[in-house]
Structures are given as structure tokens and as C-alpha cells.
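Quick notes on the structure that follows.
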Amino acid sequence: MPEGDTVWRQARDLRAVLEGKVLTASDFRIPAHATLDLSGRVVESVQSRGKHLLMYIDAEQARDRVVIHSHLLMEGHWDIYPVGSDGRFARWRRPAHTARVVLQTRLASAVGFSLGVLEVLPEALVGGAVDHLGPDLLGPDWDAQEALRRLRTDPAEPVGLALLDQRKIAGIGNVYRSDLCFLGGVHPAVAVAQVPDLPRIVALAKRLLEANKDRSGRSTTGGPARGDAAFWVYGRAGRPCKRCGATVQHAKILDPAHPVRAPRDIYWCPRCQPEP
Ligand SMILES: [Zn+2]
């Protein structure tokens with residue numbers, strides 16, 4: 001499940017192979033950009049904003065700077081395939097029909113698979129894609145007070161939904177929202193205004209994403225990022241709470257702010273997080 005830390009890490013890895021490099025080929029496998037050719041142009045920078053990824057491509061002759069904007073949504077992933085000693089790029093690890101874009105340099109190929117959003121925008125229009133985002137937990141603009149202000153704009157909203165709303169705080173996904181509610185001792189249905197210590201939950205969010213951004217697995221417990229040790233309640237329906245032993249509960253709820261309108265899993269401990 002891509003969350004802010006996943007996207008931050010993908011931006012870091014893509015930056016290492018693309019930034020400052022000339023594209024030797026590009027292949028957009030989506031109708032809107034099927035004929036777009038960015039070969040010969042330089043990738044100036046690769047940035048993450050919340051769960052959005054932005055690649056700035058230099059201006060060239062009569063062509064303005066453009067930005068490749070992508071979002072992983074539920075299943076998306078960027079893979080990097082370095083060129084081997086035989087001069088060929090490594091074999092793809094995912095099905096070719098799920099590739100949406102291929103960006104090649106002399107030394108590496110970056111392939112975006114199953115991207116939920118992929119568009120190439122004139123630089124002037126990038127704001128429309130990301131300006132709505134709240135403070136980015138892993139961004140240079142992180143501002144805890146502003147995130148709190150935005151989270152509190154709708155005091156009756158359940159905290160389990162507010163934490164997922166990228167317009168209020170950017171970077172939290174389905175995994176973190178369940179475990180943040182657990183760590184805050186609040187049931188996800190508790191209204192934002194009734195949360196006893198919202199600043200602590202926001203501080204924990206920052207700490208968890210920072211702690212996980214450099215590792216390939218994710219853990220909210222400080223334990224190994226694999227199996228049952230990784231999370232407090234996320235993915236642990238029917239298992240005993242690690243604090244009190246009560247059975248972890250699970251439900252599917254609709255998240256009105258999420259671009260994919262499908263019910264999403266939520267987990268909680270009925271004893272540590274009493275219902276409102
Ligand atoms: Zn418990």
C-alpha cells in the first residue's frame with residue numbers, strides 16, 4: 001500500500017538515476033501522450049509531494065519545461081532497471097501490459113507500472129495537481145501547526161477519515177491511519193474535536209513516516225517490518241491486541257476523500273480504543 005514514505009523513497013531512488021541525466025528514450029503508453037517524445041531532454045529534478053511524484057523536464061528550444069505528474073494510488077509502482085554488463089536493461093519484474101511509461105537514460109530505465117495518475121503538464125499547470133495538498137509529512141514545507149489547523153476545520157469529521165484527507169495532511173495512507181488511531185488511543189470514528197491529544201497523533205505521524213522512509217518494509221511498532229510484528233492493529237483482525245489482549249476488530253468504510261471510491265479496511269482494538 002503506497003503511503004507517503006513509499007513515494008518519498010521512490011522519488012529518492014528515481015532522483016539517483018534520472019536527475020541531471022539526458023533521456024535517451026521515452027515511451028508513454030497512455031492515449032493522451034502516446035506520441036510524446038522526451039528523448040534528448042534533461043530531467044532537472046524529481047520531487048515527491050505527499051503521495052504525488054513530480055519529474056521536471058527541462059525547456060528545450062521552442063519547447064517549455066514540462067512536468068511528469070504521477071500518483072501511485074492503490075497499485076502503482078516505479079521500478080528502476082539498470083543497464084547490465086551486456087549493455088541491456090534488466091528484465092522487468094512486472095507484467096509489460098501494466099507499464100504506463102518508460103523513461104530511459106544511457107545507464108538506467110525507469111518504468112512506471114499501474115500508475116493511478118499519469119499526465120504530462122506544462123509547468124504552469126502543476127499547481128493544479130498539488131496545490132490543494134496539506135503540509136507534507138516528509139516535505140521541506142512540513143508545518144505541524146498548519147496540519148492541525150486543517151485537521152480541525154471539520155470538527156465533526158471522524159479522525160480516522162480526517163487523517164487520510166491529503167488536503168489536510170499529506171502522506172498518511174490506510175496503514176498509518178489505523179495504527180495512528182491505535183497509538184492515540186482513539187476509535188477511528190471519534191470526531192476530530194473529541195480527540196484528547198491531536199497534536200500527539202500528528203507528531204507520531206511525522207515520527208513514523210520519518211522512521212520508515214529509508215527502509216523497504218514498514219513497521220509502526222519498532223519491530224521487524226515483516227509479518228505480525230510490524231503493526232499494532234493494521235491487518236491484524238481477529239488477533240489479540242498487543243497491549244491488552246482484546247480481539248482486534250476490522251471493518252470496511254468508505255473514504256469520501258479518496259480518489260478511488262472503494263471501501264477501505266480499518267482496524268482497531270475495542271478496549272484500547274473505545275467506541276464514541
Ligand atoms: Zn488493546
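Throughout, read-outs are computed from the coordinates displayed, never taken from laboratory work. Keep in mind it's a predicted model, so treat the numbers as computed, not measured. Here Cβ is always computed from backbone atoms with ideal geometry, including for glycine, and neighbour counts include all displayed protein chains.
Long-range amide H contacts for Glu44: which residues qualify at under 5 Å (H placed 1.01 Å from N, peptide plane, sequence gap of 5 or more or a different chain)?
HN-HN under 5 Å from Glu44: Gly20, Tyr56, Ile57, Asp58.
Taking 8 Å as the Cα distance limit and 6 or more residues as the minimum spacing, I'd like the relative contact order of the range 61-148 as a percentage.
On the way: 121 pairs, mean separation 30.4, N = 88.
Relative contact order for the range 61-148 comes out at 35 percent.
Just tell me which lysines come within less than 18 Å, Cα to Cα, of Lys213; anything on the same chain fewer than 8 places away is out.
Qualifying lysines at Cα under 18 Å: Lys51.
Taking Cα centroids, how far is the range 84-156 from the range 213-238 in Å?
Between the Cα centre of the range 84-156 and that of the range 213-238, the gap is 24 Å.
DSSP loop (so not H, G, I, E, B), at most 11 other Cβ within 10 Å: list which trypsin sites (Lys or Arg not before Pro) in the range 135-205 pass both filters. Don't skip to the answer; put the middle values down first.
Numbers: sites: Arg149, Arg150, Arg152, Arg167, Lys168, Arg177, Arg200; in loops: Arg152, Arg167, Lys168.
Here no loop site has a sparse enough neighbourhood.
How large is log10 I(q)/I(0) at q = 0.17, 0.26 Å⁻¹ when the Debye formula is applied to the Cα atoms of the range 1-54, each weighted equally and without solvent?
For the requested q values the scattering log ratios are -0.64, -0.99.
Within 10 Å of each residue's Cβ, count the other Cβ atoms and sort Trp92, Trp232, Trp8 from fewest upward.
Numbers: Trp92 15, Trp232 23, Trp8 26.
Going from least to most buried by this count: Trp92, Trp232, Trp8.
As a check on your grasp of the helix formula, calculate [θ] at 222 nm for the chain: sum -39500 (n - 2.57) over DSSP H runs of n ≥ 4, divide by the residue count, round to the nearest 500.
Working: 6 runs with 58 residues, N = 276.
Computed mean residue ellipticity for the chain: -6000 deg cm²/dmol.
Starting from the Kirkwood radius over alpha-carbon pairs of the chain, derive D by Stokes-Einstein at 10 °C in a medium of 1.306 mPa s and give it in µm² s⁻¹. Walk me through the intermediate numbers first.
Details: Rh = 19.9 Å.
Taking Rh from Cα pairs, D becomes 80 µm²/s.
Can you list the aspartates and glutamates whose alpha carbon is less than 13 Å from that of Lys21, not counting same-chain residues fewer than 8 positions off?
Partners found: Glu44, Asp58.
Rank these for me by crowding, Cys269, Cys244, going from fewest to most other beta carbons within 10 Å. Walk me through the intermediate numbers first.
Details: Cys269 24, Cys244 10.
Final ranking by Cβ density, sparse to dense: Cys244, Cys269.
Set the Förster radius R0 to 35 Å, insert the Cβ-Cβ distance between Arg91 and Arg215 as r into 1/(1 + (r/R0)^6), and round the FRET efficiency to 0.05. Working shown, then result.
Details: r = 26 Å, r/R0 = 0.73.
It comes to 0.85.
Give the relative contact order (percent, whole number) for the range 119-175; include only Cα pairs under 8 Å separated by 6+ residues. Present the calculation step by step, with values, prior to reporting the outcome.
Working: 49 pairs, mean separation 21.2, N = 57.
The value is 37 percent.
Sort Lys21, Lys206, Lys252 by Cβ crowding within 10 Å, fewest neighbours at the top. Mind showing how you got there, number by number?
Working: Lys21 15, Lys206 18, Lys252 9.
Starting with the residue having the fewest Cβ neighbours, the order is Lys252, Lys21, Lys206.
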